[in-house]
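Asker: Pasting a structure here, questions to come.
The values are calculated or read from the model by the stated rules, or taken from the named source; none is laboratory data. Keep in mind that what you see is a predicted model, and the values were worked out from it rather than measured. Please note: Cβ atoms are built from the backbone with ideal geometry, for glycine as well, and neighbour counts cover all protein chains shown.
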Amino acid sequence: MADDLPTEFDVVILGTGLPESIIAAACTRIGQRVLHIDARNYYGGNWASFTFSGLQTWIENCKQELNTELAAACKGQALDNEEIIPFNKRNQTIQNIEVFCYSSTEDGEAVEEAGALNINSALLTTVTSSDGQENSSIDISKNHTSTEQNDSPEGRSDLEEATNSDQRSADSTLETGTIVEVEPSLTQAIQQDSPKTITYSQIVKEGRRFNVDLVSKFLYSRGLLIELLIKSNVSRYTEFKNVTRILTYHNGKIEQVPCSRADVFASKQLSMVEKRILMKFLMHYIDYELHPEDYQDYENSTFLEFLKSKQLTPTLQHFVLYSIAMVPENAKTIEGLKAMQHFLRCLGRYGNTPFLFPMYGLGEIPQCFCRMCAVFGGVYCLHHSLECLVVDGDSKLCKAVIDHRGKRVDCKYVIVEDSYLPEQICANVSYKQISRAVLITDCSILNTESNQEISVLTFPPADKGQTAVYITELCSSTMTCMKNTYLVHLTCSSTKPTAKEDLEPVVQQLFTLSTENDIEANDRTKPKVLWALYFNMRDSSGVPRQSYAGLPPNVYVCSGPDHCFGNDHAVQQAENLFHELYPSEEFCPPAPNPEDIIYDGECAQQEPSESSIPVDSKAEASAENETVVESYEDSEAQKAE
Amino acid sequence: MHGRIKVKTTLEQQEAKRKEREKKLQLYVSATQAALHKRETGQLDKEALDLTAQILALNPDFASLWNLRREVFLQLQTDRSEEEMQSLCLGELTFLENCLRVSPKSYGTWYHRCWIMKIIPKPDWARELTLCNRFLEIDERNFHCWDYRRIVTQSSSVPLPEELEFTTSLIGKNFSNYSSWHYRSKLLPQIHPDPLRIGRVTEEALLNELELVQNAFFTDPNDQSAWFYHRWLLGRADHPVSIRCVMVSLDEPCVSVTFSHPVEVQEDLILFLNNRPIFVSWRTAGRKEKRSLFWVCDLPKECINDPCCQYNFQVLWKDGEAKKECILYPGRRESWFRDSATENEFFSLDLSEGKSNVLQQELKSCKDLQELEPDNKWCLLTIILLMRALDPLVYEKEALGYFETLKVVDPMRSGYYDDLRSKFQMENAILKMEYAESCLINLSKKGLTRLCHLEHLGQVTHMNLSANQLCALPSNLCMLRRLQVLEVDNNEVVRLEGLWNLPQLEELSLQFNKIQNVSDLQPLSSCPRLSVLHLHGNPLCEKADARTQLESLLPHVNTIHLSLI
């Protein structure tokens, strides 16, 4: 099949993470011929999302040693005056993987994921589940929360749910501050499928309901990624849910942070005067640039000192520093003000919190850009590795790449995700690390009437020198976990050797880690962890290009995910690289409407029949690989289903 | 660059759009004509429904077509079974729902929905309620939907506490919602009625509401909806109409009656003399008003010709809805009986002790807020109102200080604040006069811009209005039947309509005002006892023949001063 690949492309992109995928889409939008390759058999690289079984496969693969020898096939492909730079084939970005299972595994051995076809998880992540969960989602291109309107009986139940959620939002604050948990015996009596009864075999069986993100990030509703999705019309490929609440860990308990006007109004934790001080502070400094006289004296102090000087009470300082600005304690005043401003400007665009989460997981986002790329003629090969770069001996420019079957593809530019770079090039690079934990739990960290909250929790650093832990808790209506479970992500910059050492103390404070089935009633104030995964991910986001030695000038590097909460770094990186390649071209202009496209056989640069051939047999089944313009409307329809 | 996808140019797009629009317009016009033709020829059939449906789906504000639909439904009602009507109406409700999704604020559509729900054989009000809630979720301030929702809740008798809970939840989402606050003000007096005061709520409920509304204005003090609701919470009970004062004078001779509210009087105000009704004709003191606080009648001379006799006067309004007595003792020329402003607390709130503690708390938190938000006009105004409600005289000086701040922070409304302050100043002066049991009232140097509460001044003989900013003397000044001396020096008076028909007025001082013409003094000719008039410092004094003209206009005035004495 690889023989069907054209022998020449404008841009070859290796890696399907977010920045690479954005660049791929941007290049095809200006008519460049793009070959987008990933050695893995799934989209997204370290940005991917997996079903439960897909995640197991990923864990195994990460532990495996791969053959690092250069394939013999490519040796004959280089000419005399050409040099070869081999690619790295071992994924060294993930380390210290540890898995713990706390749920009952009695009958778990023989169970298989329902409907699992094979280990090709890329397939599974795109399967739409059709259970009757709350489905109202946000279409960001409309700039407001859209509520589904249909005439069917489901429409009715939707209505009723909406009413319930009204009451819930009004009442939710009543319980803040105290963790309310129904007694287990009661729960069992009332609810048949009580959280307590979930076993490991159920998780495996319902594994397709999970979409576990390798990186846990949300989209700021006015962040670069949302703006890009809207501008480029890529937003039509995806749906979002609004994060419903911002939480913090304060004085030993979890509290809801009042961050919008409605929250402040309803908050029971704040006194009247605190309400006014907080609102006044936030409203005033949302345009902090207009009042330089108010913060100038504190430009060299920390943001925290600045907050103290503005008569904010300790509670308010905590809320603003950790949950609104989300900056570390040692952040300078300007840094804090900027972060706070960004948070505040994002409020109210789609809801009462500034964050959006993509349905089916963050791994959807790179795929959406790949889809746009494919619609405009990009060619995709998954599970297809490149062996080496071919560099011209005189100009030192990269002329071509050679794949694992020895096929040579000429190209003008190569964009490569940094994990593929060989050791010789990265010898001088020092990386940071991100500590990650993924938990499947049986109930929410802060129960309210609704069991469908999407929460962001900032856990302040325990000691000086440590960093805050960002925790996100996803409910089943985000289509990332099975019913009656929650998917909890913990993320921080690593300060200790392993992710487990960094994060387990926090996990222990918030959750019950026990394999015992019958826990004392008073222990049931915390959610129970059913399954846990720890790992470290390499953070290459801060690595400057100069640190890579001997890289041809027309080879560009994309970094993996950074430790930040938003996605601005990846988008900015993609835009900067695109402009280095094509300084005078527009970055991701809006895609035209299907009805405005003129189909003219002579003008079409690539014949549909030619480009519609899936290049890789394994990717054949994936809808993402249909690269024809004509399939555009069809794929739209598929998505709509 | 090579290889880009070809896209229609904007010109091509425009042309395509224009053609599409033209086609649409043609369809629209022909469908409209067909529908109207059907109406003219009386073909009220299902085809008419289909035709109008097409047009209304595009333009729901076409009232005639909604009417046509109603005519069709009335026609169908005559010959269709109940089941058929039910399914027709259900179809109509679905159609209406689709129309509302396109334009959720169309008057015609909501009205038609209401109409259909009235004729549908088996209405499903629960579904209507969910529909309303859904629409309010999308736009919590859609007042069309709020109106319809009230009809729905009435028809389906939703428990009121549930409704209150609903308004709470919407306010929780966004408290800038007049509709929701207003609905609360209608629900609370029904759920927690105060047994003593009509239209008010119990103290416990009031406390809860005050806390809720305080949350709102501490969160956003510039949002007026919460402040308006707060004002409603502090409002007085609605008192029924009463007669405040009855005054008898033998000099005219006449009887005057002052009401608590402006009323219209015809045959329903009856005067009894020693328990026998006597025929009199009532007139207002002014010349034109239909409704008035003040009514006066001439007494037939033959009724009161014996000065040594005691006369019992009684007035009865609307068969006893309001009444008052007044006794004229032997030898007296005049007499009055009236409600006291101090005893009845006309100018403060009628409060229990508990509630005035609540108000003290409110005042304290508003002052806290004002410290944080010194420029917030709503907060300043509320502080003043709270002080008035608690005790007008104790807080007099403090309140005047807040007025000054208020005029500085909100200069656009300084006129309004001046008028409000004038009102409070007069109320205070009236209270002080009554405490002093005096018939003199001194309102000089109060910065008055208007006069009010004159109905409380029936017994006043001397009034000093000097050194204020009055431009006119209002017509209800004639309620002051006993007024003998009136000083209005150093004002900006141009017109004198109010100085009309004051039976006792003897001396009038109008020095340093802006009276231009002799003819402006015309109303004074109706004051029979006027003998001294001070006009120094008015433009009219400059005129050469001023004195002659005045003497011919007011022959009964003995002394007219055109210059300083």
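Asker: If you check A:329, A:305, which single one turns out to be surrounded by fewer than 19 Cβ atoms within 10 Å (Cβ to Cβ), away from every other protein chain (no Cβ under 13 Å) and either assigned to a helix (DSSP H, G or I) or touching a Pro at 6+ places or on another chain (Cβ under 6 Å) (or both)? Reasoning before the result, please.
Answerer: Values: A:329 fails: either assigned to a helix (DSSP H, G or I) or touching a Pro at 6+ places or on another chain (Cβ under 6 Å) (or both).
The unique qualifying residue is A:305.
Asker: Another question about this same structure. Specify the residue that is nearest to residue B:243 (Cα to Cα); the eligible residues are those in region B:263-294 that are part of a loop (DSSP other than H, G, I, E, B) and among the polar types (S, T, N, Q). Break it down into steps so the answer makes sense when it comes.
Answerer: Taking region B:263-294 first, the residues part of a loop (DSSP other than H, G, I, E, B) are B:265-268, B:274-275, B:279-281, B:285-290.
Among the residues that remain, those that are also among the polar types (S, T, N, Q) are: B:266, B:274-275, B:281.
Values: B:266: 16, B:274: 19, B:275: 18, B:281: 18 Å.
Only one residue fits best here, namely B:266.
Asker: When you scan region B:480-501, do you find a residue that is among the small types (Gly, Ala, Ser) and touching a Leu at 6+ places or on another chain (Cβ under 7 Å), even just one? So that I can check it myself, show each step before the final result.
Answerer: Going residue by residue through region B:480-501, those that are among the small types (Gly, Ala, Ser) are B:498.
Okay, now just the ones that are also touching a Leu at 6+ places or on another chain (Cβ under 7 Å), so B:498.
Checked region B:480-501: at least one residue is among the small types (Gly, Ala, Ser) and touching a Leu at 6+ places or on another chain (Cβ under 7 Å).
Asker: Oh, and also: Can you go through B:183, B:178 and tell me which one is under 29 Å from residue A:276 (Cβ atoms), more than 10 Å from chain A (Cβ to nearest Cβ), buried (at least 21 other Cβ atoms within 10 Å of the Cβ) and under 29 Å from the mean Cα position of the chain (by Cα)?
Answerer: Numbers: B:178 fails: buried (at least 21 other Cβ atoms within 10 Å of the Cβ).
Answer to the check: B:183.
Asker: Out of B:238, B:298, report the one residue that is loosely packed, with under 15 Cβ neighbours inside 10 Å, within 30 Å of residue B:502 (Cβ to Cβ) and either within 23 Å of the chain's Cα centre (by Cα) or among the acidic types (Asp, Glu) (or both). Write out each step before concluding.
Answerer: Working: B:238 fails: within 30 Å of residue B:502 (Cβ to Cβ).
After ruling out the rest, the residue left standing is B:298.
Asker: Moving to a separate point now. Identify, by number, the condition in (1) modelled with pLDDT of 90 or more; (2) farther than 28 Å from residue B:364 by Cβ; (3) within 13 Å of another protein chain (Cβ to nearest Cβ) that residue B:173 doesn't meet.
Answerer: Here residue B:173 clears every test but (1).
Asker: Let me ask another. Among B:201, B:213, B:158, which is the only one that is more than 10 Å from chain A (Cβ to nearest Cβ), within 17 Å of residue A:275 (Cβ to Cβ), of a type outside the set (Gly, Ala, Ser) and out of contact with any Cys (no Cβ under 7 Å at 6 or more places or on another chain)? I'd like the intermediate steps shown before the answer.
Answerer: Numbers: B:201 fails: within 17 Å of residue A:275 (Cβ to Cβ); B:158 fails: within 17 Å of residue A:275 (Cβ to Cβ).
Just one listed residue meets the conditions, B:213.
Asker: Report yes if residue B:303 is in a helix (DSSP H, G or I), buried (at least 20 other Cβ atoms within 10 Å of the Cβ) and over 25 Å from the mean Cα position of the chain (by Cα), otherwise no. Spell out how you get there, then give the answer.
Answerer: Values: in a helix (DSSP H, G or I): yes; buried (at least 20 other Cβ atoms within 10 Å of the Cβ): no; over 25 Å from the mean Cα position of the chain (by Cα): yes.
In short, no.
Asker: A follow-up question, please. Among what's in region A:546-594 and is acidic (Asp, Glu), out of contact with any His (no Cβ under 6 Å at 6 or more places or on another chain) and assigned to a loop (DSSP other than H, G, I, E, B), pick the residue that is surrounded by the most Cβ atoms within 10 Å (Cβ to Cβ).
Answerer: From region A:546-594, those acidic (Asp, Glu) are A:562, A:568, A:575, A:580, A:585-586; that's our starting set.
Adding the requirement that they be out of contact with any His (no Cβ under 6 Å at 6 or more places or on another chain) leaves A:568, A:575, A:580, A:585-586.
Adding the requirement that they be assigned to a loop (DSSP other than H, G, I, E, B) leaves A:585-586.
On the way: A:585: 17, A:586: 13.
Per the stated criteria, the residue is A:585.
Asker: Moving on to the next point. Taking the condition of being in a loop (DSSP other than H, G, I, E, B) and within 14 Å of another protein chain (Cβ to nearest Cβ), how many residues in region A:5-52 meet it? Break it down stepwise before answering.
Answerer: To start, the set of residues in region A:5-52 that are in a loop (DSSP other than H, G, I, E, B) comprises A:5-7, A:15-17, A:30-33, A:39-44, A:48, A:51.
Right, trim to within 14 Å of another protein chain (Cβ to nearest Cβ) and you get A:6, A:30-33.
Adding up the residues that qualify gives 5.
Asker: What tally of residues in region B:192-240 results from selecting those that are among the β-branched types (Val, Ile, Thr) and within 18 Å of residue B:357 (Cα to Cα)?
Answerer: Of the residues in region B:192-240, the ones among the β-branched types (Val, Ile, Thr) are B:198, B:201-202, B:213, B:219.
Checking which are within 18 Å of residue B:357 (Cα to Cα) leaves us with B:201-202, B:213.
Within region B:192-240, residues that are among the β-branched types (Val, Ile, Thr) and within 18 Å of residue B:357 (Cα to Cα) number 3.
Asker: Return a yes/no flag: does region A:511-518 have any residue that is in contact with a Ser or Thr (Cβ under 9 Å, 6 or more places away or on another chain), within 14 Å of residue A:532 (Cα to Cα) and surrounded by 17 or more Cβ atoms within 10 Å (Cβ to Cβ).
Answerer: Going residue by residue through region A:511-518, those that are in contact with a Ser or Thr (Cβ under 9 Å, 6 or more places away or on another chain) are A:511-512, A:515, A:517.
Filter once more, keeping what is within 14 Å of residue A:532 (Cα to Cα): A:511-512, A:515.
If we keep only those that are surrounded by 17 or more Cβ atoms within 10 Å (Cβ to Cβ) too, we end up with A:511-512.
Yes.
Asker: Search region A:335-379 for residues being within 14 Å of chain B (Cβ to nearest Cβ) and in a helix (DSSP H, G or I), and hand back the single one that is surrounded by the most Cβ atoms within 10 Å (Cβ to Cβ).
Answerer: Step by step, filter region A:335-379, then rank; the result is A:373.
Asker: Step by step: first the residues of region A:1-40, then only those that are of a type in the set (Ser, Thr, Tyr) and closer than 22 Å to residue A:540 by Cβ, then the one that is surrounded by the fewest Cβ atoms within 10 Å (Cβ to Cβ). Which residue is that?
Answerer: Initially, region A:1-40 is screened for residues of a type in the set (Ser, Thr, Tyr), giving A:7, A:16, A:21, A:28.
Next, only the ones that are closer than 22 Å to residue A:540 by Cβ stay: A:16, A:21.
Details: A:16: 29, A:21: 32.
Among those residues, the one meeting the criterion is A:16.
Asker: Picking from A:282, A:278, A:247, A:290, which residue would you name as being farther than 24 Å from residue B:364 by Cβ and within 14 Å of chain B (Cβ to nearest Cβ)?
Answerer: Numbers: A:278 fails: farther than 24 Å from residue B:364 by Cβ; A:247 fails: within 14 Å of chain B (Cβ to nearest Cβ); A:290 fails: within 14 Å of chain B (Cβ to nearest Cβ).
Unique residue meeting the criteria: A:282.
Asker: In addition: Would you mind finding the one in A:221, A:260, A:267 that is touching a Pro at 6+ places or on another chain (Cβ under 6 Å) and modelled with pLDDT under 90? Don't jump to the end; show me each part of the working.
Answerer: Values: A:221 fails: modelled with pLDDT under 90; A:260 fails: touching a Pro at 6+ places or on another chain (Cβ under 6 Å).
Result of the check over A:221, A:260, A:267: A:267.
Asker: Something else now. Filter region B:530-565 for residues that are within 19 Å of residue B:485 (Cβ to Cβ) and exposed (fewer than 14 other Cβ atoms within 10 Å of the Cβ) and give the result.
Answerer: Passing the criteria: B:556, B:558, B:559, B:564, B:565.
Asker: Hey, among the residues in region B:28-42 that are surrounded by 13 or more Cβ atoms within 10 Å (Cβ to Cβ) and out of contact with any Leu (no Cβ under 6 Å at 6 or more places or on another chain), which one's farthest from residue B:115 (Cα to Cα)? First the steps, then the outcome.
Answerer: Going through region B:28-42, the residues surrounded by 13 or more Cβ atoms within 10 Å (Cβ to Cβ) turn out to be B:28, B:31-32, B:34-36, B:38-39.
Of the ones still in play, those that are also out of contact with any Leu (no Cβ under 6 Å at 6 or more places or on another chain) are B:28, B:32, B:36, B:38.
Values: B:28: 26, B:32: 23, B:36: 21, B:38: 22 Å.
The selected residue is B:28.
Per-residue answers, yes or no, for (1) without any contact (Cβ under 8 Å) to a residue 40 or more places away in the chain; (2) more than 23 Å from the chain's Cα centre (by Cα); (3) farther than 20 Å from residue A:47 by Cβ; (4) crowded, with 22+ Cβ neighbours inside 10 Å:
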position	(1), (2), (3), (4)
A:215	no, no, no, yes
A:222	no, no, yes, no
A:226	no, no, no, yes
A:251	yes, yes, yes, no
A:260	no, yes, yes, no
A:273	yes, yes, yes, no
A:280	yes, yes, yes, no
A:286	no, yes, yes, no
A:291	yes, yes, yes, no
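Asker: Could you check how many residues of region B:1-58 are away from chain A (no Cβ under 14 Å) and in contact with a Lys or Arg (Cβ under 9 Å, 6 or more places away or on another chain)? Before you say what the answer is, go through the steps one by one.
Answerer: Of region B:1-58, the ones away from chain A (no Cβ under 14 Å) are B:18, B:21-58.
In the following step, the residues that additionally are in contact with a Lys or Arg (Cβ under 9 Å, 6 or more places away or on another chain) were identified as B:44-45, B:47-49, B:51-53, B:56, B:58.
Number of matching residues: 10.
Asker: From B:232, B:282, B:295, which residue is out of contact with any Pro (no Cβ under 7 Å at 6 or more places or on another chain), away from every other protein chain (no Cβ under 14 Å) and over 22 Å from residue B:338 (Cα atoms)? Reasoning before the result, please.
Answerer: Working: B:282 fails: over 22 Å from residue B:338 (Cα atoms); B:295 fails: over 22 Å from residue B:338 (Cα atoms).
After applying the criteria, what remains is B:232.
Residue-wise test of (1) assigned to a strand (DSSP E or B); (2) hydroxyl-bearing (Ser, Thr, Tyr); (3) surrounded by 21 or more Cβ atoms within 10 Å (Cβ to Cβ); (4) at pLDDT below 95.
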residue: A:381; (1), (2), (3), (4): yes, no, yes, yes
residue: A:401; (1), (2), (3), (4): yes, no, yes, yes
residue: A:414; (1), (2), (3), (4): yes, no, yes, no
residue: A:437; (1), (2), (3), (4): yes, no, yes, no
residue: A:444; (1), (2), (3), (4): no, yes, yes, yes
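Asker: Name the residues in region B:522-565 that are small (Gly, Ala, Ser), over 43 Å from the mean Cα position of the chain (by Cα) and in a helix (DSSP H, G or I), would you?
Answerer: Step one: list which residues in region B:522-565 are small (Gly, Ala, Ser), which gives B:525-526, B:531, B:537, B:544, B:546, B:552, B:563.
So of that shortlist, the ones also over 43 Å from the mean Cα position of the chain (by Cα) come out as B:544, B:546, B:552, B:563.
Residues satisfying the conditions are B:546, B:552.
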